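The values are calculated or read from the model by the stated rules, or taken from the named source; none is laboratory data. Quick caveat: nothing in here was measured; it's all calculated off a predicted structure.
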Amino acid sequence: MKKGRILLLVGFFTLSTLVYAQDYTFRVLANKGANEIKTGDSWQPVKTGASLKLGDELKITENASIGLVHSSGKPLEVKKADTYKVADLAKQVSGTSSVLNKYTDFILSSNSAEAKKNRLSATGAVHRGLGIKVYLPNNQYSSVFNNIVYVNWANEEKGPFTVTFLNMFDDVLTKIETPENSVSIDLNDPKFSGETAILVEIQSKTTGTKSDERYLIKKLSAGEREKINVSYKEIVNDLPGESAFNKLFIAGFYEQNKLLIDAITAYEQAIKLAPDDVTYKEYYEEFLLRNKLKVIKP
């Protein structure tokens, strides 16, 4: 009798999980413009993180777009201004991707209202040190998988800036002068090819102020790189083409694997691919804040 009850309970919870999992058709991961969703008789503005059901309708306005993730895990980006039935959009999706579903859940939960509230209540550390604050992680999370690396810093100091890259013996590998608050380097460049670890220092040429510390960029070992590459291939296989929307999944992949410098690169690339879409700037800003790479001054 006990065994029968246990089986009945297992069946009930399994059925409940399936019903819950199928409660939506799409989730909204990116939203640009004044798009609207119709549920029942009323139209409402679309919000990032919203769920779209099979009977809903979606209105895409001019010069707008929306990035959706199907319940199967497959992404779908809609850019043409029109009114769509969600059921018709669902027909455009084929196959499944449990891999992308995993990163969709991570992105949405990391950027939820509750997560932001918890971050704000827990943000006790505010950068009070002297010097230029660089948006790079501490040494524990300094490893990089990509060859392209972006280095950004707070824009409180007056430029132009000199960005110096050194090896572990303090030999200067290269210097870059820029009026901006960001530079990018290619680790395949011969200047860096023989180095496994690189130090970064930034100085304002106008005020002489230097970065608050030297920051480390560390290449993954061959074994570590191969391990990450297996998972990386799984995700990019489900993301055909180069788009800002696709970069969002890749950024989530890197963040979950504690490759924060690579996540920065993915966000930077997303913003360059869609410079007029604030969605990716907002995701990037929240990423910097929750990983304490950037802090809000009181």
Among the numbered criteria (1) among the β-branched types (Val, Ile, Thr); (2) in a loop (DSSP other than H, G, I, E, B); (3) at pLDDT below 90, which one does Thr48 miss? (3)
Residue set Ser211, Ser231; condition assigned by TED's automatic domain parsing to the domain that holds Ile176 and either more than 19 Å from Lys294 (Cα to Cα) or of a type outside the set (Phe, Trp, Tyr) (or both); output residue Ser211
